[in-house]
1. Hey, can you rank 95-104, 242-251 by average C-beta count inside 10 Å, highest first?
2. Once amide H atoms are placed 1.01 Å from N in the peptide plane, what residues at a sequence separation of 5 or more from Leu190, or on another chain, have their amide H within under 5 Å of its amide H?
3. Ranked highest first by the average count of other Cβ atoms within 10 Å around their residues, in what order do 317-329, 111-123 fall?
4. At 1.4 Å probe radius, can you tell me the per residue accessible area of segment 249-644 in Å²?
5. What net charge is computed for the residues neighbouring Asp124, neighbours being all others with C-beta under 10 Å from the C-beta of Asp124, Lys and Arg scored +1, Asp and Glu -1?
6. Using packing as a proxy for protection, rank 463-475, 60-72, 575-587 so that the peptide with the highest average count of other Cβ atoms within 10 Å comes first.
7. Using 7 Å Cα-to-Cβ label points, what is the Asp345/Asn494 separation (nm, one decimal)?
8. Find, among the GluC sites (Glu not before Pro) in segment 361-468, those assigned to loop by DSSP (not H, G, I, E, B) with at most 16 other beta-carbon atoms within 10 angstrom.
Amino acid sequence: MKLLVFLFLITLFISYTTSASTFKHPLDPLTPSELKLVRSTVQKTYKASSPTLTFQYIGLDEPEKALVLSWQSSNAKTKAPPRRALVIARFKNQTLEITVNLSKRSIVSTKVYTGHGFPMTTFDEQDFVVELLFKYTPFIESVHKRGLNISHVVCSVSSVGWYGEIKSKRTLKLQCFYSQGSSNLFARPLEGITVVADLDQRKIVEYFDRANIPVPKAEGTEFVASKQKPPFGPTLTGAAFVQPNGPGFKIDGHSISWANWEFHVGYDIRAGPMISLASIYDLQQQRYRRVLYRGYISEFFVPYMDPTANWYFKTFLDSGEFGFGQSMVSLDPLADCPANAAFLDAYFAGEDGLPVKIDNAICIFEKYAGDIMWRHTETELIDKEIREVRPDVSLVVRTVSTVGNYDYIIDWEFKPSGSIKMGVGLTGILGIKGTSYTHVDQIKEDVFGTLLADNTIGVHHDHYLTYHLDLDIDGEANSFMKTNLESVRVTDDNSPRKSYWTVVRETAKTEGDARIKLGLKASELAIVNPNKKTKAGNKMGYRLFPGTVAHPLLLSDDYPQIRGAFINYNVFVTPYNKSEKWAGGLYADQSRGEDTLAVWSLRNRSIENKDIVLWHTVGIHHVPCQEDYPIMPTLSGGFEIRPTNFFEINPVLKAKTPKPVRLPKCNSQP
Ligand SMILES: *[C@@H]1O[C@H](CO)[C@@H](O)[C@H](O)[C@H]1NC(C)=O
Ligand SMILES: *[C@@H]1O[C@H](CO)[C@@H](O)[C@H](O)[C@H]1NC(C)=O
Ligand SMILES: *[C@@H]1O[C@H](CO)[C@@H](O)[C@H](O)[C@H]1NC(C)=O
Ligand SMILES: *[C@@H]1O[C@H](CO)[C@@H](O)[C@H](O)[C@H]1NC(C)=O
Ligand SMILES: *[C@@H]1O[C@H](CO)[C@@H](O)[C@H](O)[C@H]1NC(C)=O
Ligand SMILES: [Cu+2]
C-alpha cells in the first residue's frame, strides 16, 4: 500500500501565546444558555399563549465598534462590553424587532416593522408547509395521476420573490421531487405543480397542476457510494497530513492565533461565519496591526433564468431568505477538512427560541498544499548555484452551507504573507427542471437550460456572493484608492519606444467614486490608510485582487434585479454604519429593493479618510453542462486581499522553513 506522507511539521513563524483571558470576547456568538435567556426574557412579555410568538432571527446585537476596539486595546483586561441580542419575531402577523439586555434579562426596546419585506423563514415553518401539502387532496391526486407512490415524494420550499404586487402576503412556494430508487431527489422533480402556502393563514392558498411531464428516471442519478454499481474509478491514492507535535494554531474560545495572525471566528444564523479583528504581526514594528475589523458574506443572490410559471420566482436571496448560517451543515472530519483540522460547533435558535446545535460546523486547519511561498535560484554566480525556497502554509477556516440542492464551501484562508483569500466552492445538485425532451435535436424553442439526460434540464442561473469587508488598515480612518494604469505615448525622440504605461492615482471622495464595474479598465483597487506611510512615503494599504466577477445580465427594471441591485457593481465602498449590514436589506424575503447597498450608496456620502467598508461581489454565470450532473464537481471561485505597501519589506523574508517531520516506523520514507 502506498502511503504518501507530507513530511513537514508546521513550525510557528513567531512564537506567540495568548494571554489566557477569562472574559468572553464581545463578538462571540450567542451561547446556548444566552439563547435560552433571550427566549425566556421575550416570552415573559409575549406569554406563551395562542397565538404564539415565533423567533425568526436571534443574533448578537454587536456592541458599538468603539467599545469593542477599546476593549481590545485595553488588552482584554477590562470586562467585555455588555451583551445584547437582537430578536426578529413574528407575533399576530406582525414583524417585531426586539432588543434584549442579557445581563439585565430585560427587553430594551421593541419596534414593529411596517415596511416591505419579511424576515427569514425558519426550518419549522418550512416543515409545517410541507406537512400541509401532504394533507392536501388535490396534491395527492396529482401524485397518483403521475403513477407515483406518495410515500416517496419529498417536498421543499422556495421563496416567492416580488413581482410588482401592491400588497405582499407572507408566502412560500413548494416543489416536490421523487426519491424512490435514488438518493438524488433534486434530480427528479415533479414538474408542473404550483403550490402557494400562506404562512399567516397557515394553509395552502393556491394550487395548480399544469402538465404531466415525466419524472426523470432514477437510473444514473445516484451519488451515494454504497449504491453505485461497477465500473468504479478513477482510483485515488491516499495521503496523510501529520503534525505529531500538534497544530501550529491556538484556539481560545472563538479567538484564533496562528503564525503571525490573530483573529476571531463568530457565527450568525443569517451570515454564517464572521471573521473579526484580524491583525497581523509586523516584525519591523514589533506589534500586531489590524487589517480587517469584520468580514462576512452579507447576501447571496441566485436568480434562475426561466421565466415560465413554475420557475420565474426562483430568484433567491439565500442569506436573507433562508439563512446562510441556518443552512450550515456538519462537516465530515476526514473528508470536508483534512485530518489535522480542529472543529467548532455552532448554535442558532429555532422558531421556538431553543438552541439548535450544528456539530463540527466550522473547521480550522493548516493547509500545506505543496505550494511555494517564494523562491529564487541564483544561476548567475560563477562558482555555485544558490537555491532558496520557502514552502507555503496557510490557515483555513471552512464552513459548508447547503441551501436546498446546492452546497457552498466557504473558506477564509490566512497567509503569513498578509494575504487573506476568500474561497467559494460550488457543488451539490443543479436546479433541475423536468421536460418531455430526451435529445437536443427535438428542442425547437428556448428551454432555459441544458438538456443533461432524458427529461432533465439544468436551468441557467447565476451565483452572486456579496462580501462585507470592514477593512481597518492600521486604524479606522481609511480611504479608497484607485491606481489607474494608463497608456502614454512617448514623444521624446531619444527613446526608440512609442509607448509605455504609467499609474495615475485617484482617491475616492464620495460613494459615487467607488462604485466599480471590474474588467473595464486596468486599475488596482486598494483600501489605504492615508495617515500612515512607509519610510519610502507610500500609503499603507491592502489591495483587492478580484477573482471571479460577473456583471448582471437581467435588465435593471426586472423585479429580481431591482431587489438584487447590490450586484450592479462589483465593488462599493460605504462609510461604516452599524445598521448597514445586509446588502439585500434586513428584510430580504419579498423585499422591493428599497433597503439595499445600491440605495445606501446613492446617498453619495463622503468616504475619504473615514471608517469605510468595502463590498465585493463574487459572481458566476452558470450554464450547466453534463459533467455537473448528477452531482457537480466543485467549481471554485473567490478573491484575495493582499498587503500593498502595508509592510516595509516582504513580511515572510525571514520565515523559517518548517522542519521535516520524521515518522516512527514509516517504511515509505526515502
Ligand atoms: C443592561 O442593563 C444593565 C443594568 O441596567 C446596564 O448597566 C447595561 O448598560 C445594559 N446593557 C446594555 C447593552 O444595554
Ligand atoms: C393573521 O392573518 C391571517 C390572514 O392573513 C388571519 O387568518 C389570521 O387570523 C391572522 N392572525 C392573527 C393572530 O391576527
Ligand atoms: C409505497 O411505498 C411504500 C414504502 O416503500 C410501500 O410500503 C408501499 O407498499 C408502496 N405503495 C404502493 C402502492 O406501491
Ligand atoms: C457625489 O458627490 C460629489 C461631490 O459632491 C459629486 O462631484 C458627484 O457628482 C456626486 N456623484 C453622484 C453620482 O451623485
Ligand atoms: C445608517 O444607516 C441607516 C440605514 O441605511 C440610515 O437610516 C442612517 O441614517 C445611517 N446613519 C448614518 C449616521 O448615516
Ligand atoms: Cu450554479
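The values are calculated or read from the model by the stated rules, or taken from the named source; none is laboratory data. Predicted, not measured: the structure shown is a model, and the values here were computed from it. Heads up, the Cβs are rebuilt from the backbone with ideal geometry, glycines too, and the neighbour counts pull from every protein chain shown. Just so you know, the surface numbers come from the protein's heavy atoms only, side chains and all, with ligands and any DNA or RNA stripped out. Shrake-Rupley method; radii C 1.70, N 1.55, O 1.52, S 1.80 Å.
1. Values: 95-104: 17.2, 242-251: 15.1.
Packing proxy ranking, top to bottom: 95-104, 242-251.
2. Cys176, Phe177, Tyr178
3. My ranking of the peptides, most packed first, is 317-329, 111-123.
4. Numbers: 15230 Å² over 396 residues.
Value for segment 249-644: 38 Å² per residue.
5. It works out to a net charge of -4.
6. Numbers: 463-475: 23.3, 60-72: 16.9, 575-587: 19.5.
With the highest mean Cβ count within 10 Å placed first, the list reads 463-475, 575-587, 60-72.
7. The answer from the label model is 7.4 nm.
8. Numbers: sites: Glu366, Glu378, Glu380, Glu385, Glu388, Glu413, Glu445; in loops: Glu380, Glu385, Glu445.
Those that pass, being in a loop and sparsely packed, are Glu380, Glu385, Glu445.
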